[in-house]
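Encoded as structure tokens, the structure appears first; notes follow it.
The values are calculated or read from the model by the stated rules, or taken from the named source; none is laboratory data. Given the structure is predicted, the values throughout are model-derived calculations rather than measurements. Cβ atoms come from the backbone with ideal geometry, glycine included; neighbour counts cover every protein chain shown. With ligands, DNA and RNA removed, areas are computed over all heavy atoms of the protein, side chains included. Shrake-Rupley method; radii C 1.70, N 1.55, O 1.52, S 1.80 Å.
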Amino acid sequence: MKFIDEIGRRRTFGIISHPDAGKTTLTEKLLLFGGAIQEAGAVKSNKIKKGATSDFMEIERQRGISVATSVLAFEYKGIKINILDTPGHKDFAEDTFRTLTAVDSVIVVIDVAKGVEEQTEKLVSVCRMRNIPMIVFINKLDREGKDAFELLDEIEQKLGLTVTPLSFPIGMGYDFKGIYNIWEKNINLFSGDNRKNIEETIEISDLSTQDLNNVIGDTAADTLREELELVDGIYPKFKQEEYQSGNLQPVFFGSALNNFGVRELLDCFISIAPTPRPKESDTRLVHPEEEDFTGFVFKIHANMDPKHRDRLAFIKIVSGTFERNVPYLHTRHNKKLKFSSPNAFFAEKKEIVDISYPGDIVGLHDTGNFKIGDTLTKGELLNYKGIPSFSPEHFRYINNADPMKSKQLAKGIDQLMDEGVAQLFTLELNGRKVIGTVGALQYEVIQYRLEHEYGAKCTYENLNVHKACWVEAKNHDNDEFKDFKRVKNKFLAKDKQGQLVFFADSSFSLQMTQQKYPSIQFHFTSEF
């Protein structure tokens, strides 16, 4: 019975948004409510030495952006919450897409002044493809921004969502007075003083009373009544099953920096968000309640401690319990491994855990056994699917800048590629190494990490490639395939798994190649 209860009290979710919408700040404030950290570090101000808890790589601290996806867990009102904070910067989109395979629901953060931005559109479309339940949090209400109804319209149109507000702002920016909580029928007044931990809420279940006017003044009270009447008339009523099936998205308003509206979001979240969900594998659908452990690697982080070359593989537990020192089957290698110190993440600290349940994220020390997408099981041969590599958009030759350090460079590149930072291709013609990334900022991160973590220096040369396509041929011995290999020799490379890849230098040449060799298929993701 205990096992089923443990599953029932778990909520694993990701926070997604455009850079600077306040995602990391929201994560910090949620941890504050969980009592996991004493004071949240401001992300913006450089005066404070205490960077945000969830940003631990040097380059993130320098730029004030989150590069790696971090995992944070805390307890709140008897519920165990696992947050996966994702990078908002579009150059790290691939890391974020992978993280979305490991969450059961999502909170989308939107900046009140900027509204829906392109990065949010991309990420939300991935969530909609997978029917992941979403809650929208409209942030920074203490600044001037768009009208609430205008924002709700924009979310519906640009993101294709069906929204229903569960809280509503009273004024905005300069005359922002507070929030009316539709979900709990009370008012939370804004003091603008973020040192106060938790504001007082005033219960007002009947809006027609004079109490409302006494609290927020006549003008604001009349406006609020009109607006709430509109909300009632326009938007659908909240239904939990609609939300959990991904067809209805509740909306909350607040200001994460001032810790305002965050408690409302959290209280509602723990009561409506889904517990760990079943996941599709290549053989069957696996349910969390099953006794036998299964899980998959969705992220690998190298060198969390620069003094020790350690890699952590992050595993999302799908079913059963994961226990320390029990051998589990690594399905790709078909060999059993056991782990003496599996880590769980509680805010700032990593702790060694004896037992973990579905929905939890465990970090396993890895000496190079794991790749992203690997599956671990109690013994059953199955593989979880849905962690693709995307076709990169930027390509550069990588050269060794220090001949004495070629071994370190090779090792560094090897490990960073396993981590999924970028993809490595080796040209068939001359064996030169090419790095392909989704975003250009990745090159800086790679160069920085090679130098600081492996002591190797590299330089880049541009390479004109429009798209890299994975090549699939039914028959490797026919004349068409041989001709393709001969003619396109200098555009062919192998990826890290040894799959053949074709570099097309323009969309025109890709079309011509597809027409000339009809029996060969070209794919834009490696999962075919």
Percent carbon-and-sulfur accessible area, the range 223-342, ignoring ligands, DNA and RNA, probe 1.4 Å: 48 percent
Accessible surface, 1.4 Å probe, highest first, among residues Ile182, Ile83, Ile234: Ile234, Ile182, Ile83
Cross-link pairs Lys279/Lys516; Lys299/Lys457; Lys338/Lys385 - those with Cα-Cα distance over 31 Å: Lys279/Lys516
Arg432 accessible area, 1.4 Å probe, all protein chains in place, Å² to nearest 10: 70 Å²
Net charge over other residues, Cβ less than 12 angstrom from the Cβ of Arg277 (K, R count +1; D, E count -1): +2
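Leaving out ligands and nucleic acids, and using a 1.4 Å probe, what accessible area per residue does the range 232-292 come to in Å²? Provide the component values of the computation, followed by the final result.
Values: 2520 Å² over 61 residues.
Solvent-accessible surface per residue comes out at 41 Å².
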Positive minus negative residues near Leu500 (Lys, Arg vs Asp, Glu; Cβ under 12 Å): 0
Cα centre as origin, Lys/Arg/Asp/Glu Cβ charges: the range 417-528 dipole, Debye: 340 debye
Solvent exposure, largest accessible area first (probe 1.4 Å, DNA, RNA and ligands not counted), of Trp470, Trp183: Trp183, Trp470
Gain upon complete extension [Leu230, Asp175; 0.36 nm per residue less C-alpha separation]: 17.7 nm
When each of Lys23/Lys140; Lys23/Lys122; Lys405/Lys467; Lys146/Lys177; Lys77/Lys140 is checked by Cα-Cα distance, pairs over 20 Å: Lys405/Lys467; Lys77/Lys140
Spin-label zone in the range 501-524 - amide nitrogen under 11 Å from a point set 7 Å from the Cα of Val487 along the C-beta vector: 512-518
Net charge of neighbours whose Cβ lies under 12 Å from the Cβ of Val116, counting Lys and Arg as +1 and Asp and Glu as -1: -4
